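Asker: Sharing a structure, written as structure tokens. Questions coming.
Please treat every number below as a calculation from the coordinates, not as lab data. A quick note: this is a predicted structure, and the numbers were derived from the prediction, not measured. Backbone-built Cβ (ideal geometry, glycine too); neighbour counts: all protein chains shown.
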Amino acid sequence: MFLLVENADIYAPEKIEARDIFTAGERFAWIGNGFPAKSTLPGIERIDASGCLLLPGFIDNHVHIIGGGGEGSFRTRTPEITLTELTTAGVTSVVGVLGTDAVTRHTASLVAKARALEEEGVSAWAMLGSYQLPVRTLTGNIQDDLVLVDKLIGVGEVALSDHRSSQPVKDELARIAAAARVGGMLSGKGGIVNVHMGDGPRGLSMIKAVAQETELTLAQFLPTHVNRNPDLFAEAVEYAAAGGHVDLTTSTTPVFLAEGEVKCSAGLKRLLDAGVPASRISFSSDGQGSMPDFDEKGRFKGLTIGRCASLWGEVADSVKDEGIPLETALQVITSSPADHYRLPRKGRVAEGLDADFVLVDRDTLAIRTVVARGRVMVKDGSPVVFGTFERNSQ
Ligand SMILES: [Zn+2]
């Protein structure tokens, strides 16, 4: 399968001079100006990307791919994600997580769903564990799971400073992080511990204590939802300035924002202004997690789900509302998570890497075309490839 994209403004995520891209099979094969073998190779699919920006496929590092929620009893369990929920949002790589419920949801199902999404055309991994501790492993311990199960790339989401947390003590968190670290080292994976942060006043203190009192560093962790309240966010800015990585959650509601949640685009600006490099900042959608839904007067209406589309929405707002250069803002959903989670073929446009990319309109930044591993998944803003059971419901 050959694909030639011409006349694009390419961000790799840094702006590059080339305007044309040729993919062969699942990889970027050539990047330049004026593809030399255009007339000699048969069966090349061509896309004229005039007026479009070509960006690396987006990485959503925290999505409840088999559903989450359930905190308001069984009927509040959220459904599994569909392929097009990801692709129409420009997401070509996803990392699945469990959540509060490790009784009726399991790592094995998460791994199976990651494999299903791979078969359907995007790239997917999963984190081992949930809020519940000790971590419920597949083989008996964390290191074995990370070394032996290809799809498991780290541990999480472990919950801290939250009433739903298993309330680990510091030594417990240190041992989990140590096992994740060594498991990651032995298997060439990131071995990161993704930490769900709640609203509790202890904030990031336990992670900081582990980094101070053991040989582990802040880089072993990725605290997420750090924009959920102003105090936690202020602490997160200091934490990131001191060398930590932080993840901001993009799916939100106007009511949450009015109550003090920091909008991701504004949060990114504050982090950058504080001198934190974009390489230590990521955004994730918390997609498919349960979210309250409010009417126009702010009254509770029922439950809905977090949307992956919020991921690019917040990066686009970072550019449009906050004046952050695209090549900087883009890093938080491409190269930053790829490097921290150690996904070496992802997050960049370069020869030899996976041919994952998104074409957005140069003026409106609306997503036009999405290509995952060399295959066109979304064309002119509409999906052209559907998940196994999606077609039946069309
Ligand atoms: Zn969470």
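Asker: Could you tell me how far the Cα centroid of segment 22-85 sits from the Cα centroid of segment 219-238, in Å?
Answerer: Each part's Cα centre sits 29 Å from the other's.
Asker: Where does helix 309-320 land angle-wise versus the long Cα axis of the chain, in degrees 0 to 90, nearest 10?
Answerer: Taking the Cα atoms of the chain, the angle to 309-320 is about 80 degrees.
Asker: Express in nm, to one decimal, how much length is gained between Ser205 and Arg391 on full extension, taking 0.36 nm for each residue of separation and deducting their alpha carbon distance.
Answerer: Value of the extension gain: 62.2 nm.
Asker: Restricting to Cα atoms and excluding each atom paired with itself, what does the Kirkwood estimate give for segment 129-267 in Å?
Answerer: It is 15.3 Å.
Asker: Run the reach check for Lys38 against aspartates and glutamates, Cα to Cα strictly under 12 Å, same-chain hits fewer than 8 apart removed. What comes back?
Answerer: Within the straight-line cut-off, Lys38 pairs with Glu6, Asp20.
Asker: OK, next. Which of the lysines could a cross-linker bridge to Lys170, judged by Cα under 19 Å and excluding same-chain residues fewer than eight apart?
Answerer: Within the straight-line cut-off, Lys170 pairs with Lys208.
Asker: Sticking with this structure for a sec: Dipole of segment 58-340 (Lys/Arg Cβ +1, Asp/Glu Cβ -1, origin at the Cα centre): which of Ser109, Thr334, Gly184 lies farthest to the positive side?
Answerer: Among Ser109, Thr334, Gly184, the one farthest towards the positive end of the dipole of segment 58-340 is Ser109.
Asker: Ranked highest first by average number of other Cβ atoms within 10 Å, how do 215-224, 181-190 line up?
Answerer: With the highest mean Cβ count within 10 Å placed first, the list reads 215-224, 181-190.
Asker: Could you sort out which of Lys113/Lys379; Lys263/Lys320; Lys151/Lys346; Lys189/Lys346 sit more than 20 Å apart by Cα distance in this structure? Let's see the in-between values first.
Answerer: Values: Lys113/Lys379 25 Å; Lys263/Lys320 14 Å; Lys151/Lys346 15 Å; Lys189/Lys346 13 Å.
Checking Cα-Cα distances, Lys113/Lys379 exceed 20 Å.
Asker: Classify segment 263-394 as rounded, prolate or oblate, taking a ≥ b ≥ c as the square roots of the eigenvalues of its Cα gyration tensor: rounded when a/c is under 1.5, otherwise prolate if a/b is larger than b/c and oblate if not.
Answerer: Taking the square roots of the gyration eigenvalues as a ≥ b ≥ c, segment 263-394 is oblate.
Asker: For the chain, what is the calculated [θ] at 222 nm in deg cm²/dmol (nearest 500), taking -39500 (n - 2.57) for each run of four or more DSSP H residues and dividing by its residue count?
Answerer: Helix contribution divided over all residues of the chain: -7500 deg cm²/dmol.
Asker: Just to be sure I understand: if I project the alpha-carbon convex hull of the chain onto a plane and average over all orientations, what area do I get in nm²?
Answerer: 19.2 nm²
Asker: Using unit Cβ charges (K, R positive; D, E negative) and no other charged atoms, how large, in debye to the nearest 20, is the dipole of segment 267-394 about its Cα centre?
Answerer: 340 debye
Asker: Roughly how tilted is helix 107-120, in degrees to the nearest 10 and between 0 and 90, from the longest Cα axis of the chain?
Answerer: The angle comes out near 10 degrees.
Asker: On full extension of the chain, what length is gained from Glu119 through Met185, given 0.36 nm per residue of separation minus the C-alpha to C-alpha distance?
Answerer: Result: 21.0 nm gained on full extension.
Asker: For the chain, what is the relative contact order in percent, using Cα pairs closer than 8 Å and at least 6 residues apart in sequence?
Answerer: Value for the chain: 20 percent.
Asker: Rounding to the nearest 10 and keeping the result within 0 to 90°, find how far the Cα-based axis of helix 170-187 lies from the longest principal axis of the chain.
Answerer: That works out to roughly 30 degrees.
Asker: Let me ask something else about it. Given a Förster radius of 25 Å and the C-beta distance between Ala234 and Ser279 as r, what FRET efficiency does 1/(1 + (r/R0)^6) yield to the nearest 0.05?
Answerer: Computed FRET efficiency for Ala234 and Ser279: 0.70.
Asker: Ranked from highest to lowest mean number of other Cβ atoms within 10 Å per residue, what is the order of the peptides 298-305, 79-86?
Answerer: 79-86, 298-305
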